[in-house]
Amino acid sequence: MSHAVRDSVPGTGKAPVTGSVRGDRPAGTEAEAAALLGWLTDPEAPRLCLVVGGPRRGKSALLSWLAAHGTRAGARRRRAARELIPLAGQCALGAAWTIANRLGVVARTPGELVQAVATTETRRAALVLPDLHAAAEPEAIAELIGELAASGRVRLVVESCTGTPSYALLADRRVTVVDLDGDAEEADRGETNAPAQGASGRGEPGPGDLPYEARHAVDLADPVAVCTADPLRVTTAYATGPGDDRGGLRSAWLRAGQSLCRDQSPADRALVLLGALGDGADPRLRPTLLALAADAPWRLRWTRVRGDLTPPWPGPVTALGAIGDRLLVAGTTDAVRLLGAADATPAGEPLRTPSGGRVKALAPAPDGTVLLLDERGRLQPVPGPEPRAPYLERLTTAVAATLTRHPGTALAAISGSVVVGDRLGSVHAFGLTGIHQAALHSGRVTAVTAVGTATPFLCSGGLDGTVRRWIPGRDPDPAPVAERRSAVVSLHATESAEGPSLAIAWADGLVELHDLDTRTRLTFRPGPPVRAVALTPDGALVVGMDEGLLCLDRAAHDRK
(Lines give C-alpha, C1' and ligand atoms only; values in the text may rest on other atoms or scores of the structure.)
Protein backbone atom coordinates (compact mmCIF):
# COMPACT_ATOMS: atom_id res chain seq x y z
CA MET A 1 0.00 0.00 0.00
CA SER A 2 1.22 3.50 -0.75
CA HIS A 3 0.66 6.37 1.64
CA ALA A 4 0.10 10.10 1.16
CA VAL A 5 0.02 12.97 3.63
CA ARG A 6 -0.74 16.34 2.14
CA ASP A 7 -2.05 19.82 2.84
CA SER A 8 -4.86 20.87 0.52
CA VAL A 9 -3.72 24.50 0.43
CA PRO A 10 -0.73 24.97 -1.89
CA GLY A 11 2.37 26.28 -0.21
CA THR A 12 1.37 25.46 3.37
CA GLY A 13 3.44 22.28 3.59
CA LYS A 14 2.74 18.76 4.66
CA ALA A 15 1.92 17.53 8.13
CA PRO A 16 5.25 16.47 9.61
CA VAL A 17 5.77 12.73 9.89
CA THR A 18 7.10 12.74 13.45
CA GLY A 19 6.20 11.46 16.88
CA SER A 20 6.02 8.11 18.61
CA VAL A 21 3.69 5.48 17.24
CA ARG A 22 4.00 3.05 20.12
CA GLY A 23 0.78 1.29 21.04
CA ASP A 24 -1.70 -1.07 19.37
CA ARG A 25 -1.90 0.87 16.13
CA PRO A 26 -3.60 -0.75 13.13
CA ALA A 27 -1.10 -2.73 11.07
CA GLY A 28 0.23 -1.00 7.98
CA THR A 29 -0.59 2.54 9.11
CA GLU A 30 2.69 3.53 10.78
CA ALA A 31 3.28 6.50 8.48
CA GLU A 32 -0.27 7.79 8.87
CA ALA A 33 -0.17 7.35 12.65
CA ALA A 34 3.04 9.35 12.86
CA ALA A 35 1.57 11.99 10.56
CA LEU A 36 -1.48 12.38 12.79
CA LEU A 37 0.68 12.81 15.89
CA GLY A 38 2.78 15.35 14.04
CA TRP A 39 -0.32 17.27 12.97
CA LEU A 40 -1.59 17.34 16.55
CA THR A 41 1.60 18.96 17.83
CA ASP A 42 2.33 21.34 14.93
CA PRO A 43 1.18 24.86 15.94
CA GLU A 44 1.18 25.99 12.30
CA ALA A 45 -0.89 23.10 10.96
CA PRO A 46 -4.54 23.58 9.92
CA ARG A 47 -7.00 22.91 12.70
CA LEU A 48 -8.80 20.38 10.50
CA CYS A 49 -7.43 17.01 9.37
CA LEU A 50 -9.24 14.57 7.08
CA VAL A 51 -8.45 10.86 7.17
CA VAL A 52 -9.54 9.35 3.85
CA GLY A 53 -9.20 6.08 2.02
CA GLY A 54 -11.18 3.27 0.48
CA PRO A 55 -13.36 0.72 2.29
CA ARG A 56 -11.56 -1.52 4.78
CA ARG A 57 -8.39 0.59 4.72
CA GLY A 58 -8.42 0.99 8.50
CA LYS A 59 -9.64 4.60 8.81
CA SER A 60 -11.92 4.03 11.79
CA ALA A 61 -9.36 1.82 13.53
CA LEU A 62 -6.69 4.50 13.05
CA LEU A 63 -8.91 7.16 14.59
CA SER A 64 -9.79 4.91 17.52
CA TRP A 65 -6.08 4.33 18.10
CA LEU A 66 -5.43 8.08 17.95
CA ALA A 67 -8.11 8.82 20.53
CA ALA A 68 -6.65 6.26 22.95
CA HIS A 69 -2.95 6.85 22.23
CA GLY A 70 -0.99 8.56 25.00
CA THR A 71 -3.78 8.48 27.59
CA ARG A 72 -1.76 6.41 30.07
CA ALA A 73 -1.55 7.75 33.60
CA GLY A 74 1.71 9.42 34.52
CA ALA A 75 2.37 10.99 31.13
CA ARG A 76 5.06 13.64 31.43
CA ARG A 77 3.42 16.31 29.35
CA ARG A 78 -0.16 17.36 29.82
CA ARG A 79 -1.92 17.49 26.48
CA ALA A 80 -5.35 18.33 25.20
CA ALA A 81 -7.87 15.54 25.66
CA ARG A 82 -8.76 13.54 22.56
CA GLU A 83 -12.51 13.13 22.46
CA LEU A 84 -13.78 10.27 20.31
CA ILE A 85 -17.24 11.16 18.95
CA PRO A 86 -18.61 8.64 16.39
CA LEU A 87 -20.82 10.37 13.83
CA ALA A 88 -22.62 7.33 12.38
CA GLY A 89 -26.37 7.95 12.49
CA GLN A 90 -26.01 11.39 14.04
CA CYS A 91 -27.83 14.54 12.94
CA ALA A 92 -26.20 17.96 13.15
CA LEU A 93 -28.09 18.88 16.32
CA GLY A 94 -27.09 15.69 18.12
CA ALA A 95 -23.48 16.14 17.03
CA ALA A 96 -23.51 19.73 18.30
CA TRP A 97 -24.90 18.66 21.68
CA THR A 98 -22.36 15.86 22.00
CA ILE A 99 -19.45 18.16 21.16
CA ALA A 100 -20.76 20.85 23.52
CA ASN A 101 -20.93 18.34 26.37
CA ARG A 102 -17.34 17.23 25.69
CA LEU A 103 -16.06 20.84 25.54
CA GLY A 104 -17.94 22.01 28.64
CA VAL A 105 -20.20 24.60 27.00
CA VAL A 106 -23.96 24.97 26.52
CA ALA A 107 -25.36 25.29 23.00
CA ARG A 108 -28.97 24.92 21.92
CA THR A 109 -28.08 24.85 18.20
CA PRO A 110 -25.01 24.19 16.02
CA GLY A 111 -24.69 27.95 15.51
CA GLU A 112 -24.61 28.56 19.25
CA LEU A 113 -21.89 25.92 19.58
CA VAL A 114 -19.71 27.71 17.04
CA GLN A 115 -20.24 31.01 18.86
CA ALA A 116 -19.51 29.47 22.26
CA VAL A 117 -16.28 27.88 21.05
CA ALA A 118 -15.17 31.12 19.39
CA THR A 119 -15.91 33.41 22.35
CA THR A 120 -15.37 31.41 25.55
CA GLU A 121 -12.60 29.43 27.17
CA THR A 122 -13.38 25.78 26.49
CA ARG A 123 -11.65 22.60 27.55
CA ARG A 124 -8.52 21.93 25.49
CA ALA A 125 -9.48 19.07 23.23
CA ALA A 126 -8.87 17.45 19.89
CA LEU A 127 -12.12 16.06 18.51
CA VAL A 128 -11.75 12.68 16.81
CA LEU A 129 -14.76 12.18 14.53
CA PRO A 130 -15.09 8.85 12.69
CA ASP A 131 -17.78 7.93 10.14
CA LEU A 132 -18.86 11.32 8.80
CA HIS A 133 -20.04 9.57 5.62
CA ALA A 134 -22.42 7.42 7.73
CA ALA A 135 -24.05 10.34 9.54
CA ALA A 136 -27.76 11.07 9.15
CA GLU A 137 -26.93 14.63 8.04
CA PRO A 138 -23.34 14.47 6.74
CA GLU A 139 -23.40 17.78 4.87
CA ALA A 140 -24.84 19.73 7.82
CA ILE A 141 -22.30 18.15 10.17
CA ALA A 142 -19.51 18.97 7.70
CA GLU A 143 -20.60 22.62 7.77
CA LEU A 144 -20.45 22.55 11.58
CA ILE A 145 -17.01 20.93 11.56
CA GLY A 146 -15.72 23.52 9.12
CA GLU A 147 -16.97 26.43 11.24
CA LEU A 148 -15.47 24.95 14.40
CA ALA A 149 -12.12 24.53 12.65
CA ALA A 150 -12.28 28.11 11.35
CA SER A 151 -12.55 29.41 14.93
CA GLY A 152 -8.97 28.21 15.52
CA ARG A 153 -9.84 27.13 19.07
CA VAL A 154 -10.13 23.37 18.64
CA ARG A 155 -8.55 20.67 16.46
CA LEU A 156 -10.72 18.20 14.60
CA VAL A 157 -9.68 14.99 12.82
CA VAL A 158 -12.45 13.55 10.67
CA GLU A 159 -12.90 10.25 8.84
CA SER A 160 -14.36 10.99 5.42
CA CYS A 161 -14.86 9.47 1.97
CA THR A 162 -13.65 11.29 -1.11
CA GLY A 163 -16.30 11.79 -3.76
CA THR A 164 -19.01 12.61 -1.21
CA PRO A 165 -20.62 16.07 -0.80
CA SER A 166 -19.50 16.25 2.85
CA TYR A 167 -15.89 15.61 1.80
CA ALA A 168 -16.11 18.35 -0.84
CA LEU A 169 -17.38 20.83 1.76
CA LEU A 170 -14.38 20.18 4.02
CA ALA A 171 -11.71 19.76 1.32
CA ASP A 172 -12.35 23.35 0.18
CA ARG A 173 -11.06 24.62 3.52
CA ARG A 174 -7.51 24.81 4.82
CA VAL A 175 -7.06 21.19 5.80
CA THR A 176 -4.45 18.50 6.24
CA VAL A 177 -5.31 15.22 4.49
CA VAL A 178 -4.02 11.84 5.63
CA ASP A 179 -4.72 9.46 2.75
CA LEU A 180 -4.58 5.71 3.31
CA ASP A 181 -5.00 5.00 -0.42
CA GLY A 182 -1.96 6.77 -1.83
CA ASP A 183 -1.94 9.90 -3.96
CA ALA A 184 -4.93 12.14 -4.37
CA GLU A 185 -5.85 10.97 -7.87
CA GLU A 186 -5.90 7.31 -6.83
CA ALA A 187 -8.03 8.11 -3.82
CA ASP A 188 -10.55 10.02 -5.89
CA ARG A 189 -10.91 7.18 -8.39
CA GLY A 190 -11.26 4.60 -5.63
CA GLU A 191 -14.01 6.45 -3.71
CA THR A 192 -16.11 8.13 -6.38
CA ASN A 193 -18.70 5.36 -6.28
CA ALA A 194 -18.53 4.84 -2.50
CA PRO A 195 -22.07 6.14 -1.83
CA ALA A 196 -23.48 3.48 -4.17
CA GLN A 197 -21.98 0.83 -1.86
CA GLY A 198 -24.01 2.15 1.07
CA ALA A 199 -23.64 5.28 3.15
CA SER A 200 -21.21 3.48 5.44
CA GLY A 201 -18.76 3.03 2.56
CA ARG A 202 -18.25 -0.63 3.57
CA GLY A 203 -20.47 -2.32 0.99
CA GLU A 204 -23.40 -2.55 3.38
CA PRO A 205 -26.39 -0.25 4.08
CA GLY A 206 -25.67 2.70 6.36
CA PRO A 207 -28.09 4.77 8.44
CA GLY A 208 -28.79 7.07 5.50
CA ASP A 209 -29.84 4.16 3.23
CA LEU A 210 -32.60 2.69 5.39
CA PRO A 211 -36.24 3.83 5.51
CA TYR A 212 -37.11 6.28 8.29
CA GLU A 213 -39.08 3.67 10.26
CA ALA A 214 -36.21 1.17 10.14
CA ARG A 215 -33.62 3.75 11.16
CA HIS A 216 -35.61 4.88 14.20
CA ALA A 217 -37.38 1.87 15.69
CA VAL A 218 -38.37 3.83 18.79
CA ASP A 219 -41.94 4.83 19.59
CA LEU A 220 -41.38 8.57 19.68
CA ALA A 221 -44.73 9.18 21.37
CA ASP A 222 -43.92 6.84 24.28
CA PRO A 223 -42.11 8.68 27.12
CA VAL A 224 -40.71 5.46 28.57
CA ALA A 225 -39.31 4.44 25.19
CA VAL A 226 -37.57 7.76 24.53
CA CYS A 227 -36.10 7.88 28.06
CA THR A 228 -34.64 4.38 27.80
CA ALA A 229 -33.46 4.40 24.15
CA ASP A 230 -30.14 5.71 22.81
CA PRO A 231 -30.59 9.48 23.24
CA LEU A 232 -28.65 10.37 20.10
CA ARG A 233 -30.87 8.05 18.11
CA VAL A 234 -33.95 9.74 19.58
CA THR A 235 -32.49 13.17 18.78
CA THR A 236 -31.91 12.19 15.15
CA ALA A 237 -35.45 10.86 14.89
CA TYR A 238 -37.01 14.03 16.30
CA ALA A 239 -34.73 16.38 14.36
CA THR A 240 -34.93 14.73 10.93
CA GLY A 241 -38.30 13.01 10.98
CA PRO A 242 -41.85 14.24 10.44
CA GLY A 243 -42.88 17.39 12.29
CA ASP A 244 -45.46 15.64 14.49
CA ASP A 245 -44.91 16.91 18.05
CA ARG A 246 -45.77 13.52 19.56
CA GLY A 247 -48.04 14.99 22.20
CA GLY A 248 -45.42 17.53 23.25
CA LEU A 249 -42.53 15.09 23.72
CA ARG A 250 -40.67 16.30 20.64
CA SER A 251 -40.72 19.97 21.72
CA ALA A 252 -39.64 19.06 25.24
CA TRP A 253 -36.80 16.85 23.98
CA LEU A 254 -35.48 19.48 21.57
CA ARG A 255 -35.65 22.10 24.34
CA ALA A 256 -33.64 20.06 26.87
CA GLY A 257 -31.69 17.87 24.47
CA GLN A 258 -28.13 18.66 25.50
CA SER A 259 -28.83 17.35 29.00
CA LEU A 260 -30.85 14.41 27.70
CA CYS A 261 -27.94 13.31 25.48
CA ARG A 262 -25.64 12.92 28.47
CA ASP A 263 -24.98 9.51 30.03
CA GLN A 264 -27.61 9.19 32.78
CA SER A 265 -30.34 6.92 34.11
CA PRO A 266 -33.83 6.79 32.59
CA ALA A 267 -35.14 8.31 35.85
CA ASP A 268 -32.87 11.33 35.56
CA ARG A 269 -33.74 11.68 31.87
CA ALA A 270 -37.46 11.57 32.72
CA LEU A 271 -36.99 14.34 35.29
CA VAL A 272 -35.24 16.58 32.74
CA LEU A 273 -37.97 15.90 30.20
CA LEU A 274 -40.64 16.76 32.77
CA GLY A 275 -38.97 20.11 33.37
CA ALA A 276 -39.16 20.95 29.67
CA LEU A 277 -42.73 19.78 29.07
CA GLY A 278 -45.26 22.50 28.22
CA ASP A 279 -48.77 22.81 29.65
CA GLY A 280 -50.26 21.98 26.24
CA ALA A 281 -48.70 18.50 26.22
CA ASP A 282 -50.76 15.32 26.18
CA PRO A 283 -52.02 14.99 29.81
CA ARG A 284 -51.08 11.30 29.82
CA LEU A 285 -47.37 12.10 29.50
CA ARG A 286 -46.82 13.74 32.86
CA PRO A 287 -48.00 10.86 35.12
CA THR A 288 -45.91 8.38 33.13
CA LEU A 289 -42.80 10.56 33.38
CA LEU A 290 -43.42 11.16 37.09
CA ALA A 291 -43.51 7.43 37.72
CA LEU A 292 -40.34 6.89 35.69
CA ALA A 293 -38.57 9.71 37.58
CA ALA A 294 -39.39 8.21 41.00
CA ASP A 295 -35.75 7.26 41.66
CA ALA A 296 -34.33 10.65 40.69
CA PRO A 297 -32.88 12.82 43.49
CA TRP A 298 -35.38 15.61 42.77
CA ARG A 299 -39.13 16.10 42.57
CA LEU A 300 -40.54 18.65 40.13
CA ARG A 301 -42.80 21.10 41.95
CA TRP A 302 -43.77 23.10 38.86
CA THR A 303 -42.46 24.24 35.51
CA ARG A 304 -43.26 27.09 33.12
CA VAL A 305 -41.95 27.09 29.56
CA ARG A 306 -42.37 29.39 26.58
CA GLY A 307 -45.94 29.18 25.31
CA ASP A 308 -47.52 28.13 28.62
CA LEU A 309 -50.84 29.84 29.42
CA THR A 310 -52.10 28.48 32.75
CA PRO A 311 -50.40 30.15 34.51
CA PRO A 312 -48.48 32.08 31.89
CA TRP A 313 -44.77 31.74 31.22
CA PRO A 314 -43.17 34.84 32.85
CA GLY A 315 -40.63 35.41 30.04
CA PRO A 316 -36.84 35.02 29.79
CA VAL A 317 -35.03 35.11 33.15
CA THR A 318 -31.93 37.19 33.90
CA ALA A 319 -32.10 37.26 37.73
CA LEU A 320 -34.08 35.63 40.54
CA GLY A 321 -34.80 36.39 44.17
CA ALA A 322 -37.12 35.22 46.93
CA ILE A 323 -38.93 37.27 49.54
CA GLY A 324 -41.42 35.55 51.82
CA ASP A 325 -43.67 33.30 49.76
CA ARG A 326 -42.99 35.18 46.53
CA LEU A 327 -40.39 34.93 43.79
CA LEU A 328 -38.86 37.95 42.09
CA VAL A 329 -38.21 37.24 38.41
CA ALA A 330 -36.24 39.74 36.33
CA GLY A 331 -36.05 39.44 32.56
CA THR A 332 -35.03 41.23 29.41
CA THR A 333 -37.25 44.26 30.10
CA ASP A 334 -37.27 46.74 33.00
CA ALA A 335 -40.00 44.75 34.81
CA VAL A 336 -39.49 42.41 37.77
CA ARG A 337 -42.39 39.99 38.01
CA LEU A 338 -43.79 38.67 41.29
CA LEU A 339 -44.80 35.00 41.35
CA GLY A 340 -46.08 32.68 44.05
CA ALA A 341 -43.29 30.30 45.07
CA ALA A 342 -45.79 27.45 45.49
CA ASP A 343 -47.12 27.39 41.92
CA ALA A 344 -45.64 30.30 39.90
CA THR A 345 -48.96 32.14 39.62
CA PRO A 346 -48.75 35.97 39.34
CA ALA A 347 -48.60 37.51 42.85
CA GLY A 348 -48.83 41.27 42.36
CA GLU A 349 -48.00 44.10 40.01
CA PRO A 350 -44.51 44.00 38.46
CA LEU A 351 -41.77 46.17 39.91
CA ARG A 352 -39.91 48.47 37.52
CA THR A 353 -36.46 50.04 37.69
CA PRO A 354 -36.66 53.80 38.25
CA SER A 355 -34.40 54.46 35.26
CA GLY A 356 -36.11 51.92 32.99
CA GLY A 357 -32.96 49.84 32.44
CA ARG A 358 -32.75 46.06 32.25
CA VAL A 359 -32.11 44.29 35.55
CA LYS A 360 -28.81 42.41 35.85
CA ALA A 361 -29.10 41.34 39.50
CA LEU A 362 -31.58 41.87 42.32
CA ALA A 363 -31.49 41.72 46.10
CA PRO A 364 -34.61 41.92 48.28
CA ALA A 365 -33.85 43.59 51.61
CA PRO A 366 -35.54 42.40 54.84
CA ASP A 367 -37.53 45.66 55.16
CA GLY A 368 -39.32 45.08 51.84
CA THR A 369 -37.12 47.27 49.66
CA VAL A 370 -35.83 45.58 46.52
CA LEU A 371 -32.38 46.63 45.32
CA LEU A 372 -31.76 46.24 41.60
CA LEU A 373 -28.45 46.32 39.74
CA ASP A 374 -29.01 47.53 36.20
CA GLU A 375 -27.03 46.55 33.11
CA ARG A 376 -24.72 49.56 33.62
CA GLY A 377 -23.76 48.28 37.08
CA ARG A 378 -25.68 50.97 38.99
CA LEU A 379 -27.94 50.55 42.01
CA GLN A 380 -31.66 51.15 41.58
CA PRO A 381 -33.73 50.86 44.81
CA VAL A 382 -37.46 50.08 44.59
CA PRO A 383 -39.17 51.07 47.89
CA GLY A 384 -41.27 48.54 49.76
CA PRO A 385 -44.77 49.10 51.17
CA GLU A 386 -43.42 50.68 54.39
CA PRO A 387 -41.15 53.73 54.76
CA ARG A 388 -37.47 52.85 55.21
CA ALA A 389 -35.53 53.71 58.33
CA PRO A 390 -33.43 56.85 57.70
CA TYR A 391 -30.13 55.03 58.36
CA LEU A 392 -30.95 52.40 55.73
CA GLU A 393 -31.89 55.13 53.27
CA ARG A 394 -28.52 56.82 53.87
CA LEU A 395 -26.68 53.49 53.35
CA THR A 396 -28.45 52.82 50.07
CA THR A 397 -27.78 56.35 48.85
CA ALA A 398 -24.08 56.03 49.68
CA VAL A 399 -23.76 52.68 47.88
CA ALA A 400 -25.62 54.03 44.85
CA ALA A 401 -23.24 56.99 44.69
CA THR A 402 -20.23 54.67 44.86
CA LEU A 403 -21.54 52.46 42.04
CA THR A 404 -22.08 55.52 39.86
CA ARG A 405 -18.30 55.94 39.86
CA HIS A 406 -17.33 52.26 40.13
CA PRO A 407 -20.04 50.03 38.56
CA GLY A 408 -20.89 46.78 40.29
CA THR A 409 -21.08 43.34 38.70
CA ALA A 410 -23.01 41.43 41.40
CA LEU A 411 -25.37 42.35 44.24
CA ALA A 412 -26.77 40.97 47.52
CA ALA A 413 -28.34 42.43 50.66
CA ILE A 414 -29.07 41.47 54.26
CA SER A 415 -30.24 43.50 57.23
CA GLY A 416 -28.06 46.62 57.49
CA SER A 417 -25.65 45.60 54.72
CA VAL A 418 -25.32 45.78 50.92
CA VAL A 419 -22.79 43.50 49.19
CA VAL A 420 -21.33 44.32 45.78
CA GLY A 421 -18.86 42.50 43.52
CA ASP A 422 -16.68 44.26 40.96
CA ARG A 423 -14.92 43.51 37.68
CA LEU A 424 -11.48 43.22 39.34
CA GLY A 425 -12.42 40.29 41.58
CA SER A 426 -13.11 42.12 44.85
CA VAL A 427 -16.19 41.95 47.06
CA HIS A 428 -17.32 44.95 49.10
CA ALA A 429 -19.65 44.66 52.10
CA PHE A 430 -21.12 48.11 52.84
CA GLY A 431 -22.52 48.28 56.38
CA LEU A 432 -23.79 50.79 58.87
CA THR A 433 -20.42 50.91 60.62
CA GLY A 434 -18.16 50.98 57.56
CA ILE A 435 -17.02 48.83 54.67
CA HIS A 436 -15.21 45.50 54.52
CA GLN A 437 -13.44 44.42 51.36
CA ALA A 438 -11.67 41.31 50.13
CA ALA A 439 -10.02 40.30 46.86
CA LEU A 440 -11.63 36.88 46.42
CA HIS A 441 -11.38 36.16 42.70
CA SER A 442 -9.15 36.39 39.68
CA GLY A 443 -11.26 38.40 37.26
CA ARG A 444 -14.83 39.62 37.42
CA VAL A 445 -17.13 38.70 40.28
CA THR A 446 -20.26 37.27 38.65
CA ALA A 447 -22.47 36.53 41.66
CA VAL A 448 -22.76 37.20 45.40
CA THR A 449 -25.23 36.07 48.04
CA ALA A 450 -25.46 36.91 51.74
CA VAL A 451 -27.08 35.15 54.70
CA GLY A 452 -28.11 37.09 57.80
CA THR A 453 -27.48 34.46 60.48
CA ALA A 454 -26.14 35.21 63.98
CA THR A 455 -22.75 35.41 62.26
CA PRO A 456 -23.61 36.80 58.81
CA PHE A 457 -21.62 35.38 55.92
CA LEU A 458 -21.55 35.73 52.19
CA CYS A 459 -20.54 33.61 49.21
CA SER A 460 -19.18 34.92 45.93
CA GLY A 461 -18.50 33.39 42.54
CA GLY A 462 -16.48 34.55 39.58
CA LEU A 463 -15.25 34.02 36.07
CA ASP A 464 -12.36 32.07 37.60
CA GLY A 465 -14.71 29.17 38.38
CA THR A 466 -14.50 29.39 42.17
CA VAL A 467 -17.11 29.94 44.87
CA ARG A 468 -15.74 31.38 48.11
CA ARG A 469 -17.21 31.91 51.57
CA TRP A 470 -16.37 34.98 53.61
CA ILE A 471 -17.41 36.50 56.93
CA PRO A 472 -16.81 40.26 56.56
CA GLY A 473 -14.23 41.44 59.04
CA ARG A 474 -12.39 38.11 58.99
CA ASP A 475 -10.02 36.45 56.55
CA PRO A 476 -11.81 34.55 53.76
CA ASP A 477 -11.92 30.77 53.99
CA PRO A 478 -8.70 29.51 52.34
CA ALA A 479 -10.37 26.70 50.40
CA PRO A 480 -13.19 27.42 47.95
CA VAL A 481 -16.64 26.02 48.61
CA ALA A 482 -16.68 24.82 45.00
CA GLU A 483 -14.30 25.01 42.06
CA ARG A 484 -14.81 23.94 38.45
CA ARG A 485 -13.50 24.71 34.98
CA SER A 486 -16.53 26.87 34.29
CA ALA A 487 -17.59 30.37 35.27
CA VAL A 488 -20.15 30.93 38.02
CA VAL A 489 -23.40 32.40 36.73
CA SER A 490 -25.59 32.77 39.82
CA LEU A 491 -25.63 32.07 43.57
CA HIS A 492 -28.25 32.04 46.29
CA ALA A 493 -27.80 30.92 49.91
CA THR A 494 -30.36 30.48 52.68
CA GLU A 495 -30.40 29.33 56.30
CA SER A 496 -32.85 26.69 57.53
CA ALA A 497 -33.30 24.45 60.54
CA GLU A 498 -31.13 21.90 58.71
CA GLY A 499 -28.30 24.39 58.21
CA PRO A 500 -27.12 26.71 55.43
CA SER A 501 -27.68 25.74 51.79
CA LEU A 502 -26.12 27.24 48.69
CA ALA A 503 -27.42 27.01 45.11
CA ILE A 504 -24.87 27.48 42.31
CA ALA A 505 -25.47 27.87 38.57
CA TRP A 506 -22.47 27.30 36.31
CA ALA A 507 -21.88 28.53 32.77
CA ASP A 508 -21.79 24.96 31.40
CA GLY A 509 -25.43 24.41 32.39
CA LEU A 510 -24.89 22.59 35.70
CA VAL A 511 -26.90 23.52 38.80
CA GLU A 512 -25.73 22.40 42.25
CA LEU A 513 -27.32 22.51 45.69
CA HIS A 514 -24.68 22.41 48.45
CA ASP A 515 -25.22 21.68 52.13
CA LEU A 516 -22.50 23.92 53.56
CA ASP A 517 -22.25 22.06 56.89
CA THR A 518 -22.00 18.51 55.57
CA ARG A 519 -20.30 19.45 52.26
CA THR A 520 -22.78 17.25 50.37
CA ARG A 521 -24.40 18.30 47.10
CA LEU A 522 -27.10 17.45 44.60
CA THR A 523 -26.86 18.32 40.90
CA PHE A 524 -29.24 18.97 38.03
CA ARG A 525 -28.79 19.85 34.35
CA PRO A 526 -31.94 21.24 32.69
CA GLY A 527 -30.34 21.36 29.22
CA PRO A 528 -30.45 25.03 28.13
CA PRO A 529 -28.13 27.71 29.56
CA VAL A 530 -29.03 28.57 33.18
CA ARG A 531 -29.28 32.30 33.89
CA ALA A 532 -30.22 32.38 37.59
CA VAL A 533 -31.02 30.24 40.63
CA ALA A 534 -32.88 30.94 43.88
CA LEU A 535 -33.86 29.04 47.02
CA THR A 536 -37.32 29.46 48.49
CA PRO A 537 -37.78 29.75 52.28
CA ASP A 538 -38.91 26.10 52.41
CA GLY A 539 -35.80 24.89 50.58
CA ALA A 540 -37.01 24.45 47.00
CA LEU A 541 -34.61 25.20 44.15
CA VAL A 542 -35.79 27.57 41.39
CA VAL A 543 -33.92 27.53 38.05
CA GLY A 544 -34.36 30.33 35.51
CA MET A 545 -33.54 30.08 31.80
CA ASP A 546 -34.28 31.91 28.55
CA GLU A 547 -37.30 29.75 27.73
CA GLY A 548 -38.18 28.12 31.02
CA LEU A 549 -38.55 28.47 34.77
CA LEU A 550 -38.83 25.43 37.03
CA CYS A 551 -38.92 24.57 40.72
CA LEU A 552 -37.43 21.42 42.27
CA ASP A 553 -37.70 19.83 45.71
CA ARG A 554 -35.20 17.36 47.05
CA ALA A 555 -36.63 13.85 47.00
CA ALA A 556 -37.45 12.44 50.43
CA HIS A 557 -34.88 9.64 50.02
CA ASP A 558 -32.13 12.23 49.44
CA ARG A 559 -32.83 14.39 52.50
CA LYS A 560 -30.80 14.06 55.64
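Quick look at the numbers
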{"read-out": "Distance in nm between pseudo-label sites at Arg306 and Thr523 (7 Å out along the Cβ direction from Cα)", "value": "2.7"}
{"read-out": "Accessible-area value, Ser415, 1.4 Å probe, nucleic acids and ligands omitted, Å²", "value": "100"}
{"read-out": "Net charge, Arg358 excluded, C-beta distance under 9 Å - Lys, Arg +1, Asp, Glu -1", "value": "-2"}
{"read-out": "Asp230 paired with Ala398, simple spin-label distance in nm, labels 7 Å along Cα-to-beta-carbon", "value": "6.5"}
{"read-out": "In sequence order, calculated HN-Hα J values of region 440-450 (Karplus, 6.51, -1.76, 1.60; Hz; x Gly/Pro)", "value": "9, 9, 9, x, 4, 7, 9, 7, 9, 8, 10"}
{"read-out": "J(HN,Hα) series, region 467-481, from Karplus relation 6.51 cos²θ - 1.76 cosθ + 1.60, nearest Hz, glycine and proline x", "value": "10, 10, 10, 8, 9, x, x, 10, 6, x, 4, x, 9, x, 5"}
{"read-out": "C-alpha center-to-center spacing [region 404-432, region 98-158] in angstrom", "value": "39"}
{"read-out": "Accessible surface, the chain, averaged per residue in Å² (probe 1.4 Å)", "value": "42"}
{"read-out": "Three-way shape label, the chain, alpha-carbon gyration tensor, a/c 1.5", "value": "prolate"}
{"read-out": "Residues in region 299-332 reached by a label modelled at Thr119 [backbone nitrogen below 17 Å; 7 Å Cα→Cβ]", "value": "317-318, 332"}
{"read-out": "Largest to smallest accessible area among Glu375, Glu139 [probe 1.4 Å]", "value": "Glu375, Glu139"}
{"read-out": "The chain: relative contact order as a whole-number percent, Cα under 8 Å and 6+ apart", "value": "10"}
{"read-out": "Under 5 Å, built H, 5+ apart or other chain: amide partners of Glu159", "value": "Val51, Leu129, Asp131, Leu132"}
{"read-out": "Accessible heavy-atom area order of Asp308, Asp517, Asp279, Asp475, highest first, probe of 1.4 Å", "value": "Asp475, Asp517, Asp279, Asp308"}
{"read-out": "Other-chain or far-sequence residues with amide H under 5 Å of Arg262's (modelled H)", "value": "none"}
{"read-out": "Sequence of Glu32, Glu349, Glu147 from largest to smallest accessible area, 1.4 Å probe", "value": "Glu349, Glu147, Glu32"}
{"read-out": "Placed amide H near Val370: partners under 5 Å, 5+ positions off or other chain", "value": "Ala365, Val382, Gly384"}
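The values are calculated or read from the model by the stated rules, or taken from the named source; none is laboratory data. Just so we're clear, the structure is a prediction, and the values are computed from it rather than from any experiment. So basically every Cβ, Gly included, is an ideal-geometry build from the backbone, and we count neighbours across all protein chains shown. These accessible areas exclude ligands, DNA and RNA; they are computed on the full protein's heavy atoms, side chains included. Shrake-Rupley method; radii C 1.70, N 1.55, O 1.52, S 1.80 Å.
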